[in-house]
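Working notes for the structure below.
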Amino acid sequence: MEKHRDGIESRKSTIALLGNPNVGKTSIFNALTGSRQVVANWPGVTVEKRAGVMKHHNHTVDVVDLPGTYTLGATSLDEKIARDFLVNEKPGVAMVIGDAVNLERSLYLLLQVLELRGDVVLAVNAVDEARKAGFEIDKNELSKQLGIPVVVTSAVTGEGIEELKNTLVKSTKSSSHVHYLFSDEVEAHLRDLSERIRGNPSMAGFDERWLSIKLLERDYEVQKITGITLDYDFSVEIAETRYKYIKRILSTSVKGKEKIGWNFSEAIDHVMTHRFLGILIFLAVMYIIFQLTFTISGPLSIMIEELLGGLGRAFGGFIGLDWLRSLVVDGIIGGVGAVLVFVPNIFILFLALGILEETGYLPRAAFVIDRLMYAMKLSGRSFISMLLGFGCNVSSIMSTRSISEPKERIVTILVSPFISCSARLPVYVLIAGTFFGARAGVVIFFLYVLSIVITVLSALLINKLFFKGEPSTLIMELPRYRKPRLSSILLYTWNKGRHFLEKAGTIILGASVVIWFLSYFPSEGTGSFAAMIGKSLEPLFIPLGYTWEMITSLVFGIAAKEVIVSSLTTFFGNLSVSGSSLGAIRTLITPEIALSFLVFVLLYVPCMPTLAVIKNETGSYKYVFFSVFYSLAVAYIVALIVRIVGGLI
């Protein structure tokens, strides 16, 4: 490979991005790579891996966005992934993203990276917010003290991004990365351990000093690979030494005004994180989101519905064969179109969640719920994972890797499918709009609250029956409130919502064709294969009052919850989100049965991708079977209660 005179190989070196959570690392990643990004999983784990390509002048460089972490201690999966990548993959440059307003914690991570390697660049982000807070970063002094390139940036305004790109392509390996910070006693131990490691051929390629530091910190992974276990522990002294060094650096490189009174973020948090008001605010925010999701999307959904209806009539007019016309109009256009009608609902929901995330509200929601979660033997960290379930249960379960306590992680995985994901929303909108009209938004809000209640109660029950002990304590840093950026929100909305469109063009399309076939052959209606499936299960659902069409749609919905809408549309033929053509379903069931059906959809068996990720994350099929049978039992019992109580009201 050719090398440019000014540094990084032309094709293809790698830049690794590291940083604490909420420092703007992803925003810097987006600024460097633009749309040239690929999202995959890290090898061997279901943890999202973001990689991209930075093109700058005549340089093309790979950029890898490592998981956010506070240390390289490898006590969590995120830390292990970040550290393993630095140690094993040996990227050309490691770039640490620091927070200009809270630089101390960022520098602690930086020092650990510098103990491992010298080819490091520090990007001090959010410098615009630091100036507003009265701080000024002297990047030249900071660079002099650390011995590495330092660039101040703002991902919001774009300040420093061009300079950062120039710095990255010019960075080369430093001749030395040794920072002699520690006491004479610690340094003596480091020299002795380095000699022992150097004499071990299997440790060739590893940095002896870094391994020695980790041994003094009683790092389990390093103890395992070196075969060295010490009976003394210097982890506290090493941490204190790092922080003393950091304070000395900051005293000369950061100038700021002395803080007087509360700042804006602290004043708002006094209300938002209040033990009582915070919960009420959270419920109010969620209620508003679901009301807006239903009301704003209504006209847009009707437009899409009318467009698809015209498309169906156009195709139906020139297709001569009855079965082919039925396949195209009822199976493909009707089945897939029934789901596409709810695209506005999905995108508006993700738009709202994007705003909450961009402003920094979601971590506050986890904080205020932590007290309640602790009573249920879970922590706010579990609630953070559950919040992600409002988008997709798969993402929710994958995010449990941040939960360090194994039992708590398993419980969170098992109850997360009860959180109402976006795939269920089209079913809610269709049925609630059909039976409850103007009160549909209230019904949908009830379903989301019920999902949280069942999730928490299930966690309490599973903990009581199978697991003992206290949950891990939630220690989290609340990010500053930020003015939401339209570009970031739209990118978030598109990245989340496009998976719904991709599913409509793949899984739902295939399922719609299968459903049409089963409902058309050997004869339409009650003589079809679909009717046979539903009628065979009908005796089990007599107490709930479900028709064979509803039962069959539940069976097909195990593949993907959106398929329930496709199934109902295929069976009843003329369901309509606008309410103008409600079809036969209103003559077959009552509103309380409709609400019971929605509750069953909310709580019954997770979709196939969710079951697959449960297996991957737990490594055992027993948790998959437990999830299937437990969720079926809960769904049946709660749906029956809703039907009985609804019939009495």
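The values are calculated or read from the model by the stated rules, or taken from the named source; none is laboratory data. These figures come from a predicted structure and were not determined experimentally. Glycine gets a Cβ as well: all are built from the backbone with ideal geometry, and neighbour counts include every protein chain shown.
Please list, ordered by first then second residue, the pairs with beta carbon atoms under 9 Å, 6 or more apart or interchain, first in the range 464-486 and farther than 18 Å from residue 363 by Cβ and assigned to a helix (DSSP H, G or I), second among the charged types (D, E, K, R) and modelled with pLDDT of 60 or more.
The qualifying pairs are 464/377; 466/407.
Of everything in the range 617-649, what is more than 26 Å from the chain's Cα centre (by Cα), of a type outside the set (A, V, I, L, M) and more than 17 Å from residue 458 (Cβ to Cβ)? Give them in sequence order.
643, 646, 647
Would you be able to tell me the number of residues in the range 122-136 that are assigned to a strand (DSSP E or B) and surrounded by 22 or more Cβ atoms within 10 Å (Cβ to Cβ)?
4
For a quick check of your reading: which helices (runs of 4 or more DSSP H) sit entirely within the range 281-359 and have at least 2 residues that are in contact (Cβ under 8 Å) with a residue 24 or more places away in the chain and under 21 Å from residue 494 (Cα atoms)?
So the answer is 334-340, 343-359.
Go through the residues of the range 420-436 one by one and say whether even a single one is within 20 Å of residue 634 (Cβ to Cβ), modelled with pLDDT of 85 or more and assigned to a loop (DSSP other than H, G, I, E, B).
Looking through the range 420-436, at least one residue is within 20 Å of residue 634 (Cβ to Cβ), modelled with pLDDT of 85 or more and assigned to a loop (DSSP other than H, G, I, E, B).
Look through 181, 190, 164 and report the one residue that is surrounded by 13 or more Cβ atoms within 10 Å (Cβ to Cβ), within 30 Å of residue 22 (Cα to Cα) and more than 37 Å from the chain's Cα centre (by Cα). Before the answer, list the steps.
Working: 190 fails: within 30 Å of residue 22 (Cα to Cα); 164 fails: more than 37 Å from the chain's Cα centre (by Cα).
None of the others qualify; the one that does is 181.
State all residues of the range 250-266 that are modelled with pLDDT of 80 or more and in a helix (DSSP H, G or I); if no residue qualifies, say none.
250, 251, 252, 253
Working only within the range 611-642, note down all residues that are modelled with pLDDT of 95 or more and small (Gly, Ala, Ser).
Hits for the range 611-642 are 627, 631, 633, 635, 639.
Among residues belonging to the range 523-547 that are not hydroxyl-bearing (Ser, Thr, Tyr) and not in a helix (DSSP H, G or I), point out the one that is farthest from residue 592 (Cα to Cα).
Within the range 523-547, the match that is farthest from residue 592 (Cα to Cα) is 524.
Name the residue that is nearest to residue 130 (Cα to Cα), counting only residues in the range 502-512 that are modelled with pLDDT of 80 or more and surrounded by fewer than 16 Cβ atoms within 10 Å (Cβ to Cβ).
502
Quick one: is residue 108 assigned to a helix (DSSP H, G or I) and of a type in the set (Phe, Trp, Tyr)?
On the way: assigned to a helix (DSSP H, G or I): yes; of a type in the set (Phe, Trp, Tyr): yes.
In short, yes.
Condition check: closer than 25 Å to residue 603 by Cβ, without any contact (Cβ under 8 Å) to a residue 60 or more places away in the chain and surrounded by 21 or more Cβ atoms within 10 Å (Cβ to Cβ). Does residue 553 satisfy that? Even if it seems obvious, please write down each step before you answer.
On the way: closer than 25 Å to residue 603 by Cβ: yes; without any contact (Cβ under 8 Å) to a residue 60 or more places away in the chain: yes; surrounded by 21 or more Cβ atoms within 10 Å (Cβ to Cβ): yes.
Spelling it out, residue 553 is indeed closer than 25 Å to residue 603 by Cβ, without any contact (Cβ under 8 Å) to a residue 60 or more places away in the chain and surrounded by 21 or more Cβ atoms within 10 Å (Cβ to Cβ).
So for the range 52-62 (the condition being in contact (Cβ under 8 Å) with a residue 24 or more places away in the chain, touching a Lys or Arg at 6+ places or on another chain (Cβ under 8 Å) and on the phi > 0 side of the Ramachandran plot), does at least one residue qualify?
The answer is no, given that none of the residues of the range 52-62 is in contact (Cβ under 8 Å) with a residue 24 or more places away in the chain, touching a Lys or Arg at 6+ places or on another chain (Cβ under 8 Å) and on the phi > 0 side of the Ramachandran plot.
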